Amino acid sequence: MSDGYEKSIQIANHKHDLIAIRVTDKRETNLPNIGLVKMMDAETGNTIMVDTSSRKVREHVANWTAKKRQEIDKQFARFGIDMVKVYTGEDYVRPLMNLFKKRESRR
């Protein structure tokens, strides 16, 4: 997420009933050991070579993404925004059903 999104989400949440859906591919957090990979930053267009065979690199990516996700989870919880996490390659119906059941039980 872009920096400075907090205020916009907070304002939107006061006007609307927001639900966050995090769609994740597990390969985003657990890089496979496949050697050198050219990666592009979708926002800047910059490309870098990443050595996925390095255990330190894979651990750094896993730690960084876990930290960022925790920060976002805390922000959404603080704003009272429900979040559901779904993963590519897995059933998304059950997590969505659980979210709506949870929301219904709060009413």
Lone unmet requirement of (1) over 28 Å from residue 11 (Cα atoms); (2) over 12 Å from the mean Cα position of the chain (by Cα) for residue 25 = (2)
Could you please find all residues in the range 18-49 being under 27 Å from residue 82 (Cα atoms), exposed (fewer than 10 other Cβ atoms within 10 Å of the Cβ) and of a type in the set (D, E, K, R)?
-> 43
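Yes or no, residue by residue, for (1) closer than 30 Å to residue 100 by Cα; (2) out of contact with any Asp or Glu (no Cβ under 8 Å at 6 or more places or on another chain); (3) not aromatic (Phe, Trp, Tyr):
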{"residue": "14", "(1), (2), (3)": "yes, yes, yes"}
{"residue": "32", "(1), (2), (3)": "no, yes, yes"}
{"residue": "42", "(1), (2), (3)": "no, yes, yes"}
{"residue": "87", "(1), (2), (3)": "yes, no, no"}
Complete set of residues in the range 74-87 that are surrounded by 15 or more Cβ atoms within 10 Å (Cβ to Cβ) and assigned to a helix (DSSP H, G or I) = 75, 76, 79
What is the residue count in the range 8-37 for residues that are at pLDDT 85 or above, part of a helix (DSSP H, G or I) and not polar (S, T, N, Q)?
-> 5
Take residue 52 and decide whether it is of a type outside the set (Gly, Ala, Ser), in contact with an Asp or Glu (Cβ under 8 Å, 6 or more places away or on another chain) and either under 18 Å from residue 28 (Cα atoms) or surrounded by fewer than 12 Cβ atoms within 10 Å (Cβ to Cβ) (or both).
-> no
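The values are calculated or read from the model by the stated rules, or taken from the named source; none is laboratory data. Just so it is clear, the model here is predicted, and its values are computed rather than measured. For neighbour counting, all protein chains shown are included, and Cβ atoms are generated from backbone atoms with ideal geometry for every residue, glycine included.
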